[in-house]
Structures are given as structure tokens and as C-alpha cells.
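Step one of this worksheet: look at the structure below.
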Amino acid sequence: MSRIPPEAEAEAEVAVLLGRAVAGDISAFEQVIGRFERRVMTLAFRLLGTTEDAQDAAQEVFLRAYRYLHRFDSGRLFEPWLVRMTVNVCRDLGRKRQRYPNVILEADLLRASGDPHSELNSEEQRQMVRRALGELPEKERAAVVLRDLEGFSTAEVAGILGSSETTVRSQISIARLKIKKAIKRMI
Amino acid sequence: MTCKYSEQDIALYVEGDLIEPAIEAHLLACGTCRVLVDELRESQSLLKGLRQETVSGAALAEVRSRVLVEVRGVSSRTPWGRRVERWFWLGLRRGYALAGVGLAVAMGVGLWLGAPTPKPSVESDPLPPAAAVPLRKGDNVLVETRPIVPLAKGDGVRGLPRTQGVAHTEVPKQAVPDPGPAPDEPKQLVVKLLTDDPNIVIYWLVDQTGG
């Protein structure tokens, strides 16, 4: 399950850590990183497509989070704030570098956690899907990744992307159709 | 597709983003839409297969290390120093803040250089009397009346290098015969000062009354 369920206890722990981090406790911020780094890195990789870019983006996300931690409203959930920042950083980085490889994307960053015997076929399939994702425009890719891979609702996706729900639904549906056509073409 | 429902509707329906009972009934009757639904469900299943992927520990450790190095560098400054830094940089990235400061300074210098130069005071260092060449009404010729003498210390034009003591003499391009002063018209003297900078020329307009 890719989305972390918002348990009240986990949220309270994060709120305590954030309070200590704002006060200057680096070890507390390190624990915050540990809780969200996988989520941020995985999302960044799905949006950008390369290890190098995903690492640069994740680094920038956590540095920005540290810099603006004092502005974060502790009454709100930290994860959506971090996800939104990740999407924005990836968008900026993607535009700056103007690339999403339309070649076979790297598989070393992301490893499958399943049956090793069927991994070869699965890996080929994942390559196809990654390539199909790479062919999407940036906004459609972000919408479908957040909805279908990260598990956010269309309303939450709209909030993260700063768009209307109608726009997000349109982007998601178009993205799904394009992915279908791309995979069918590759098979 | 000429069905009642578009392909986008079907793409939303397969993931529960469009809940409409009439679609179910339509699918029973429309083979084209049924095929589309099956293909979309298959591609969506492949897409969601990416959820199983996990990030390598090495990649995560590298990012964490980079972040902590930079965070520790920031936090080594005193709390009040960080507040001052935040206030000074207005919460911006240093690069952008430096660029903004640099731009503001450049604009200020540009405005200052472009401002009209003030008339230098003649009282502090009286210049030798000039040979007057009165102008006729309508003349657009400015004639230099005397050689330039080096400016004394402190008399340099604002902000600009003072002349280096080189005297320039400009010969009038047109010799203007002296018709004599027009009746009832005050004589006007124009003094032109040249400096080492060809872009800087100082004109004095002095009439008979000394104004």
C-alpha cells in the first residue's frame, strides 16, 4: 500500500518531532526525514524518471521543509504539505532540466518486492509502464501518479496541484487513455 | 466513439471516479465500450504494479546524508543569527536574494549616473575672465571662449573622475561675425567646459547682470 494511513498516533509523534526540529533539534528533523524519505523519493522518481533527479529533488524538498518549518501550521497534516512541496520541486526541476527520458528508465533505484521467478516478465512490464508514463505531459503525469499510484482522491490531488477537481478528472482520464494506448503499442 | 459515454467517461468509470448506474446498463449493450473497459482495466493493473516498487536503501541514505550536512551547517549559527539571516534574506534562497540586491544596486547606480550634473560653483575657484563672444538671437552655435584649466581639488564633477589637468581648446567651427549687441537685449555669455570624459560637457550661461 503506497499511501501512509493517517493514524492519529503517528500524526501526534510527527507533530512532536516537528516542534523539536523548529526549536533546533536536528536529531528530531532527522527522524522526520526517516519517516517520509521513502515516500518523497518514490514520488520524485515516478515524476522525474531518473535516480539522479529524484535524489536532487528529495534533497531540495527536505531542505525547503527545514527552511520553512517555522511557517508550517502544526494543526494541519504534514504529509500533504510535503507531497505538495515534492510535486512543486519536481515540476521546477523537470522544467529546468527539460527531460523525462523516453528511453528505458532506470530500474536500480526501484526494486520489486515480489516473487523473484516472475520478476523478469514483471520488470519488462514495469519498463513499459514507466515508458508510457514518461510520454505523458508533466501535469497529466503528476495527476495520474498522485491518483493511481499514491492513492490520493481526486479532491486531494486537486488541492496538491492547485487545480480544480474538474481539471484533475480530465487530466486523469486522458492520462489513463494515453497509458493504455502506449502499452498496447509497445506489446 | 459515438456512444452516449465518451472514452474519458469510461476511463473515470474503471477506477470508480465516475459512478453512474446507467453506465453499467450501457456496457451490457455496447461491445465497443466493453472492450475499452477491459483494456483500461488491464493497463491500470500494470500501472498499479509500480506500487510494489521500493526505493533502495543506499539512495535514501545518500539523500539523508546530504540533507543533514547542510542542515547542520545552518544550525551551527546562533538562533539570533538565524533570525537575522532569515529577516535579511527575506526567507529567500541566497542566490535569489543576492541577485535582487545586485539588481537594486545596479539600478541605483544607473539612476545616479543618469542624473543631470549640477553646475559647479564658480565662487570657490574663480576662473580667469573669458573673452566674451556674444550670441545673436537664434544662433545655435556654442562657442568655447577660453582654454580649460585644471580643476582644483574637490571641484571634480560629482562621482566622476576629475579632469587630469589637460586643457582642451575647441576652435569654433563657424566664425561668427560680431554684429554688435541687439538694442535693449542683455548680452549673454556661454562658457563651455570640456573634460577628459567626452560624454561630460559643462555649459555656463552668464548674462550681463552676472546671473
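The values are calculated or read from the model by the stated rules, or taken from the named source; none is laboratory data. Because the structure is a prediction, the values reported are computed rather than measured. Heads up, the Cβs are rebuilt from the backbone with ideal geometry, glycines too, and the neighbour counts pull from every protein chain shown. Accessible surface is based on the protein model in full, side chains and every heavy atom, while ligands, DNA and RNA are left aside. Shrake-Rupley method; radii C 1.70, N 1.55, O 1.52, S 1.80 Å.
Things to note:
- Protein heavy-atom surface of the range A:6-97, 1.4 angstrom probe: 49% of the accessible area is carbon and sulfur, with nucleic acids and ligands not counted.
- Annotation for the range A:1-97: GluC sites (Glu not before Pro) lying in DSSP loop with at most 10 further Cβ atoms inside 10 Å of their Cβ are A:GLU7.
- Accessible surface ranking that places the most exposed of B:LEU27, A:LEU161 first, with a 1.4 angstrom probe: A:LEU161, B:LEU27
- Solvent-accessible surface (1.4 angstrom probe) belonging to B:ASP38, in square angstrom, nearest 10: 100
- For the residues of B:6-13, the average number of beta carbons from a partner chain within 10 Å of their own beta carbon is 4.
- Computed with a 1.4 Å probe over protein heavy atoms only, the accessible area of B:CYS30 comes to about 20 Å².
- Largest to smallest accessible area among B:ILE200, A:ILE174 [probe 1.4 Å]: A:ILE174, B:ILE200
- Protein heavy-atom accessible area occluded, A/B pair - total, 1.4 Å probe, Å²: 4500
- Accessible-area order (highest first, 1.4 angstrom probe) of the listed residues B:TRP204, A:TRP81: A:TRP81, B:TRP204
- Nearest-10 value in Å² for the accessible area of A:SER74, using the 1.4 Å probe: 90
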